[in-house]
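First up is the structure itself, then whatever we jot down about it.
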Amino acid sequence: MIERNGNTHNDMGYDKASGKYATPAEIEAKREARRLKKQKLREELLSRGLDPDFPAECQFIERPILLVPHGDNHERGLPLSIMTYNCLAQTLIRREMFPESGPALKWFVRSKVLLHEIKHYNADICCLQEIDDVQYDLFWSEELPKFGYKTIYFHQNSKSHGVMIAWKEELFQLESHLNIEFDKEAPAGIQPRTRTNNVGLLVALAFTDAFRARNNRIRTSRSGVIIGTFHLFWHPFGTYDRTRQCLVIKKKILEFASTVKGDYCKMFTGDFNSQPNSVPYLVLTQPQAQLNTQQRTSIETSTAYRYSERRNLGKEYSMEEEEEEEEEEEKREYEYDQGTDPWNTPRPDEFDSTEEQRQLVNNLIDRCNDVPLCATSLYSIGYHTVDPTHIADHHEPELSSWSTKWAGLLDYIFYVNQRPSTPATFETANNIAIAGYLQMPTHAQMHNHSQPYTGEYPSDHISMMCALEIY
């Protein structure tokens, strides 16, 4: 405070232009103007889905949980929320593939946004893919426990990223887990056609006494949750190997569940690099898959594709060689989608397959149909009832992956059915209720630039989350 002519004034009350000190009323008016300006900015940020209480460089588009109505007589079940999220491995980022992303690609920025997003949605179980090996040790395993999570992580030795499952320690305790390397599995003698280095992770999480005490008025016979997360082969011509990986998933879930005592509901999530009209989606969601013409053309064409020598099975590779290979192949895919692929690989609408190729496909589909496991994408059950503006095939959302060259749905949360059911009878047949869905953006709502992008999304995939009630 400064004395001037017998009056006490604030430094903020001095007007350099006039050389005079403002009156208390003028000072209060300036304060009110600043308050209104801040309030207007806050309201503008909120209208754009941004958090005004978080630093600008860590903002992301916040989406609401769309509640599914069940009526006044609805009996409440045990609450459980599941998130799946491909976080974009830092080791896979190439600037030419994210031309408009700028500083949003830097890990010291993205890590803050990813963590803030996961903290904000606060899922009970988070299933994450493309988690860097180094960043798991230095970041995820250090930061997530601060918000009450325990974590488990798995990656293939020659790959620089893997998958992770995180769960609220107060709610669950880890009973057992299973690491899966797809290239080392040959169910029913069906070998991989190429080396993919893809992995999966299954965990059995038992409800804690604290969780049961919190929900002591809710009766359930359930012991906990068996949940898995997977990252399937990304290659455009990888339909056959992705389908083979789905066969591995079905068998491994049943095998793992047989080792766990108790009544566990079973789910699995991940980046399946497959759209709802694809063969992998079909063999997971249909008890007896029957391929249509388009699906058969897709998978038979993939059997004719010849991968590079570097993908030969049985050859050992260092992590550096694996990263170099992924960079080369991702660049090739990018060039193809830009119309500049020097290999000019065809993607035919029709394909004249050989008898050997047809038998290869038929055998794989038959083996998939032999496994008595059928799953249902949770978003396909009821998302269209709460957000009917942009529903794609099988009532799924339009997209979970975005780039300037391609966008579509690749990520899912699957529930393993207890009994065959239709969408109308799914909840009663499986003793669960879908309480809500994290809203997914539409093509029209996405800006025509690459993701990640400052203030929008920290990955080229969009997180998905489903809130359930278990009986």
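Of note:
- Helix 24-47 and the longest principal axis of the Cα set of the chain meet at an angle near 10°.
- Heavy-atom accessible surface of the chain: percent carbon and sulfur, 1.4 Å: 49
- Here the spin labels are modelled as points 7 Å beyond Cα on the Cα-Cβ line, and at N157 and A304 they lie 3.8 nm apart.
- Helix 239-258 axis, angle to the chain major axis (alpha carbon atoms, nearest 10°): 90
- Helix 293-304 vs. the chain, principal-axis angle (Cα, 0 to 90°, nearest 10): 80
- Helical contribution to [θ] at 222 nm, DSSP H n ≥ 4, -39,500 (n - 2.57), averaged over the chain, rounded to 500: -9000 deg cm²/dmol
- Counting only protein heavy atoms and a 1.4 Å probe, region 254-306 has 42 square angstrom of accessible area per residue.
- Extension gain from L254 to F147, taking 0.36 nm per residue of separation minus the Cα-Cα distance: 35.3 nm
- From the Kirkwood radius over Cα pairs of region 342-471, Stokes-Einstein at 25 °C and 0.890 mPa s returns a whole-number translational diffusion coefficient of 138 µm²/s.
- Accessible surface for region 156-227, divided over its residues, is 42 Å² per residue with a 1.4 Å probe.
- Using the Cβ-Cβ distance between A210 and S176 with R0 set to 30 Å, the FRET efficiency works out to roughly 0.90.
- Distance cut-off 40 Å, percentage of C-alpha pairs in the chain lying past it: 26
- Mean Cβ count within 10 Å, highest first, over the residues of peptides 236-247, 435-446, 96-107: 236-247, 435-446, 96-107
- Modelled label reach - D366, point 7 Å along Cα→Cβ, region 165-197 residues with backbone N closer than 16 Å: 187-191
- Whole-number D in µm²/s for region 204-263 (Stokes-Einstein; Kirkwood sum over Cα pairs; 25 °C, 0.890 mPa s): 173
The values are calculated or read from the model by the stated rules, or taken from the named source; none is laboratory data. Owing to the predicted nature of the structure, the values given are computational and were not obtained by experimental measurement. We place every Cβ from the backbone using ideal geometry, glycine too, and count neighbours over all the protein chains shown. For the accessible areas, the whole protein counts, side chains as well, though only heavy atoms, and no ligand, DNA or RNA atoms are used. Shrake-Rupley method; radii C 1.70, N 1.55, O 1.52, S 1.80 Å.
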